[in-house]
1. In the range 175-193, is there at least one residue being within 23 Å of the chain's Cα centre (by Cα), under 14 Å from Ile146 (Cβ atoms), surrounded by 18 or more Cβ atoms within 10 Å (Cβ to Cβ) and among the aromatic types (Phe, Trp, Tyr)?
2. Output the number of residues of the range 189-229 satisfying the condition of being in a helix (DSSP H, G or I) and charged (D, E, K, R).
3. Out of all the residues in the range 215-248, which are touching a Phe, Trp or Tyr at 6+ places or on another chain (Cβ under 7 Å) and of a type in the set (Val, Ile, Thr)?
4. Given the criteria crowded, with 21+ Cβ neighbours inside 10 Å and either charged (D, E, K, R) or outside the structural domain of Glu120 (by TED's automatic domain parsing) (or both), does Glu262 qualify?
5. Does the range 131-147 include one or more residues that are over 24 Å from the mean Cα position of the chain (by Cα) and either of a type in the set (A, V, I, L, M, F, W, C) or at positive phi (or both)?
6. Among the residues of the range 130-142 satisfying the criterion of being of a type outside the set (S, T, N, Q) and modelled with pLDDT under 95, which is surrounded by the most Cβ atoms within 10 Å (Cβ to Cβ)?
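The values are calculated or read from the model by the stated rules, or taken from the named source; none is laboratory data. All values derive from a computational prediction rather than experimental measurement. Glycine also receives a Cβ, built like all others from the backbone with ideal geometry; neighbour counts cover every protein chain displayed.
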Amino acid sequence: MNRLFIIISVLVFSACSNEVIIQAPYNDIPVVYSVLNQNDSVHFVRLEKSFAGEMNAFEMAAVADSIYYPQAEVKIEKWRDGEFREEIVFTETDTITRDSGIFAYKDNRVYAARAQLDGEAEYRLRVHIPGKEDTIKARTHLVDNIRIIKPPYTQPSLNFSQYTGDVEVEWKSTPHARVYFLQVRFNFFEVFHKDTTPKSLVWRIANYVSKHAQGGESMEANIGHEQFYRWLPTKLEPASPGVKRIANKKAFDFIFTVGGEELYTFMQIYDPDEGINQEKPVYTNISGGIGLFSARFEQELRGKALTFPSIDSLSRGIHTKSLGFVDSTDDYYNRQ
């Protein structure tokens with residue numbers, strides 16, 4: 001499961017008046033979160049409730065019955081070309097652990113279903129809670145592959161040898177998506193005597209937002225050569241005595257994580273502001289409750305090698321020479 005966990009604190013505000021209300025009538029509100037990804041084989045829906053009561057709020061939050069609905073019915077429907085195609089039923093499970101904290105974590109309940117999702121379909125969430133008349137509803141389109149233009153799939157290696165240069169990344173946006181997260185995975189080996197250990201570091205480049213969600217928009221990023229060499233020492237300590245490091249022949253993977261329109265809007269609203277705190281509007285695309293139902297997708301362009309001049313810059317450059325990387329004369333690069 002690719003984990004993308006979105007955590008919201010639901011705050012209850014009360015207006016000031018001359019009358020002091022000790023306890024307002026209880027009225028729970030369903031809170032639903034689910035971000036679908038067709039790369040996953042198992043999909044999850046979190047269903048909880050806002051609550052009120054006479055106990056201390058922190059004590060109530062630690063009681064599972066205060067935040068979960070018993071025996072709810074959770075399902076998603078697959079729709080394509082305006083026609084209903086399939087119903088996927090979710091079952092309650094407590095096998096996913098939750099970090100300890102204010103809310104009940106020993107009994108962590110979510111709803112799960114094993115299914116192969118269709119990247120070109122729309123999915124509609126339907127939740128029925130016993131004792132409530134209205135069905136909770138939401139809908140989202142899945143997001144599918146982007147078209148990666150640069151670096152081209154046919155280009156076997158990347159040149160990172162000039163500090164003043166950059167690597168161009170270009171892609172076409174995909175329908176129903178707005179936000180694109182670009183990361184680079186750097187793969188290398190650590191060798192100590194006869195032991196070789198594969199290692200990887202992930203470099204978050206930036207987030208990019210398309211102008212619309214129709215797809216087909218040209219988007220690009222430029223990754224500076226020197227940026228890479230400056231970043232690497234922030235993640236790696238100098239090599240220990242007797243240890244040498246070797247850039248993998250498939251040194252670079254480009255990782256694109258694509259988020260749906262609803263996820264983009266949610267992030268825009270709840271992204272931390274700098275400066276003075278401001279009250280944020282409540283965003284939800286859930287009918288009959290509050291929360292988020294959206295989609296994400298992860299796509300990788302793998303296995304780009306470094307050119308020999310780039311390997312030498314990694315080994316001898318001013319930013320990375322203490323990290324213990326070998327140069328291009330090492331036997332690893334010259335073996336057939």
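1. The answer is yes, given that some residue of the range 175-193 is within 23 Å of the chain's Cα centre (by Cα), under 14 Å from Ile146 (Cβ atoms), surrounded by 18 or more Cβ atoms within 10 Å (Cβ to Cβ) and among the aromatic types (Phe, Trp, Tyr).
2. So the first thing to find is which residues in the range 189-229 are in a helix (DSSP H, G or I), and the list is 225-229.
Those left that are additionally charged (D, E, K, R): 226.
Qualifying residue count, the range 189-229: 1.
3. Val243, Ile246
4. On the way: crowded, with 21+ Cβ neighbours inside 10 Å: yes; either charged (D, E, K, R) or outside the structural domain of Glu120 (by TED's automatic domain parsing) (or both): yes.
When the stated conditions are applied, Glu262 passes them.
5. Applying the first criterion (over 24 Å from the mean Cα position of the chain (by Cα)) to the range 131-147 yields 131-136.
Now narrow it down to the ones that are either of a type in the set (A, V, I, L, M, F, W, C) or at positive phi (or both): 131, 136.
Yes, because at least one residue in the range 131-147 is over 24 Å from the mean Cα position of the chain (by Cα) and either of a type in the set (A, V, I, L, M, F, W, C) or at positive phi (or both).
6. Going residue by residue through the range 130-142, those that are of a type outside the set (S, T, N, Q) are 130-134, 136-139, 141-142.
Within this subset, residues satisfying the condition of being modelled with pLDDT under 95 are 130-134.
Working: Pro130: 9, Gly131: 8, Lys132: 15, Glu133: 7, Asp134: 12.
If we take residues in the range 130-142 being of a type outside the set (S, T, N, Q) and modelled with pLDDT under 95, then Lys132 is surrounded by the most Cβ atoms within 10 Å (Cβ to Cβ).
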